[in-house]
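The values are calculated or read from the model by the stated rules, or taken from the named source; none is laboratory data. Fair warning: this is a prediction, and the values are worked out from it, not measured in the lab. We place every Cβ from the backbone using ideal geometry, glycine too, and count neighbours over all the protein chains shown.
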Ligand SMILES: [Zn+2]
């Protein structure tokens with residue numbers, strides 16, 4: 001057995017070696033080096049042909065084709081022609097560049113053409129989407145998105161890395177033993193390739209039996225009764241034999257989802273996903289079409305869900321759904337300062353310079369703590385919360401504004417603490433005066449902050465800060481107390497105080513969004 005194998009491999013190898021001389025493609029675009037001291041480049045693949053140039057020993061050429069022992073090459077930008085391939089050494093293929101797989105940590109994450117928040121977006125990817133990361137440029141990562149075939153840039157703050165796997169050759173799609181599955185929706189597209197941009201071969205009806213032969217990232221290769229093969233989304237296949245379609249609940253104003261599910265733009269699996277709704281979420285019924293229901297979320301987003309994932313909502317009254325007042329909202333929180341910019345500090349607390357205690361009273365540190373507390377509360381209320389920074393790093397004001405734009409924030413809040421004065425006290429809330437609705441947002445949040453913290457009310461004020469002035473989204477800047485006042489510095493550093501701030505901001509936002 002072994003001997004035969006080795007002989008076979010040698011034969012294949014020899015066959016491959018011979019191939020270049022009989023095929024015009026085998027050497028296509030491979031690199032080679034010149035072995036001879038000098039090598040003539042000829043106009044045609046024959047020694048009788050005119051010499052058009054000479055290659056020095058070691059010259060690196062690109063082989064574009066072959067005829068017999070002649071190789072068509074290009075050298076540098078200008079030179080090309082035919083050389084005797086006997087005098088070429090083929091270069092080994094370079095190992096693939098080291099890449100990492102990253103995962104989007106937020107929904108609606110922009111993939112941009114360039115490494116900048118103002119660069120054109122190629123499109124958005126949803127939370128959890130795997131991307132291949134090649135390189136970094138400042139706070140941007142160069143990536144490809146295999147599922148979309150995009151190559152572009154993503155802000156590194158929104159990419160998480162699983163442990164970096166050793167570079168391995170691509171694993172071919174895993175064949176699976178053929179098994180019968182059933183289509184769970186009407187009009188499921190059978191496509192030529194495992195991507196939604198691929199050609200539709202046929203539309204499959206609900207209940208259609210298919211033979212699943214291969215799986216590839218969310219897609220299954222199937223064979224249908226007429227012998228055709230193609231790819232379908234695995235989401236819409238079930239191993240269970242089809243049962244009667246689920247009856248769409250018609251009583252009451254609301255339904256809920258039995259599992260986390262996509263809200264689609266229209267009544268069919270072909271439509272774009274608007275967002276993913278969690279199981280148990282209360283949704284308002286809008287209309288019904290075949291097996292699909294049009295629903296509205298608490299945040300006013302309208303989309304379609306398949307009836308097989310719908311159940312009646314147990315409490316069909318008009319009360320706002322508890323605890324999810326910020327569902328569907330994107331809140332960008334900006335902890336002011338960071339890195340080389342410490343902001344103001346609580347020097348007056350008497351902490352020794354360079355001590356841990358001093359660091360704990362730097363504005364950048366307290367800002368980040370406060371924002372983390374706010375994020376927890378807002379997330380629990382259903383909001384998607386994005387932080388401009390999560391570590392002690394320096395960001396420009398423009399970078400902060402860019403996060404607000406790229407994440408399509410519903411509200412942006414920059415968090416700061418104030419100085420000077422060792423007796424100064426209280427909270428200010430700033431908005432940019434010409435921005436529509438921003439004063440309303442500011443007064444709701446401010447009012448609730450004062451209520452919740454019982455701090456001195458320094459008022460809602462117009463402010464000319466870049467993070468709110470250049471922000472196209474409703475934006476606030478909060479000054480949540482004076483670090484220059486030793487008593488107040490001690491207070492605002494406490495978890496209890498930051499909790500109260502979080503509650504106040506949440507109440508203010510809930511009020512703003514409910515109107
Ligand atoms: Zn500040």
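Yes/no per residue for (1) crowded, with 21+ Cβ neighbours inside 10 Å; (2) modelled with pLDDT of 90 or more; (3) within 16 Å of the ligand (Cβ to nearest atom):
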residue	(1), (2), (3)
316	no, no, no
319	no, no, no
331	yes, yes, no
405	no, yes, no
Quick one: would you say residue 89 is outside any loop (DSSP other than H, G, I, E, B), closer than 30 Å to residue 35 by Cα, at pLDDT 80 or above and in contact with a strand residue (DSSP E or B) (Cβ under 6 Å, 6 or more places away or on another chain)? yes
So, in the stretch 418-460, of the ones that are under 33 Å from the mean Cα position of the chain (by Cα) and within 16 Å of the ligand (Cβ to nearest atom), which residue ends up surrounded by the fewest Cβ atoms within 10 Å (Cβ to Cβ)? 430
Residues of the stretch 51-69 satisfying the condition of being over 45 Å from the mean Cα position of the chain (by Cα), in a strand (DSSP E or B) and under 17 Å from residue 33 (Cβ atoms): 53, 54, 55, 56
I need every pair where a residue in the stretch 355-370 that is part of a loop (DSSP other than H, G, I, E, B) has its Cβ under 8 Å from the Cβ of a residue that is modelled with pLDDT of 85 or more and away from the ligand (no atom under 12 Å from the Cβ), sequence separation at least 6 or different chains. 361/489; 361/493
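If you check residue 152 against the conditions, is it surrounded by 15 or more Cβ atoms within 10 Å (Cβ to Cβ), at pLDDT 85 or above and either under 19 Å from residue 107 (Cα atoms) or in the same structural domain as residue 398 (by TED's automatic domain parsing) (or both)? So that I can check it myself, show each step before the final result.
Values: surrounded by 15 or more Cβ atoms within 10 Å (Cβ to Cβ): yes; at pLDDT 85 or above: yes; either under 19 Å from residue 107 (Cα atoms) or in the same structural domain as residue 398 (by TED's automatic domain parsing) (or both): yes.
Judged against the criteria, residue 152 is a match.
Kindly evaluate residue 367 against the criterion of being in the same structural domain as residue 442 (by TED's automatic domain parsing), crowded, with 19+ Cβ neighbours inside 10 Å and within 16 Å of the ligand (Cβ to nearest atom). Talk me through it step by step, then tell me what you get.
Details: in the same structural domain as residue 442 (by TED's automatic domain parsing): yes; crowded, with 19+ Cβ neighbours inside 10 Å: yes; within 16 Å of the ligand (Cβ to nearest atom): yes.
The answer is yes for residue 367.
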Inside the stretch 179-226, counting only strands (runs of 3 or more DSSP E) that do not spill past its ends, which hold 1 or more residues that are over 29 Å from the mean Cα position of the chain (by Cα)? 200-204, 209-216, 219-223
Selection status of residue 392, within 16 Å of the ligand (Cβ to nearest atom) and either touching a residue at least 12 places away in the same chain (Cβ under 8 Å) or not assigned by TED's automatic domain parsing to the domain that holds residue 474 (or both): yes
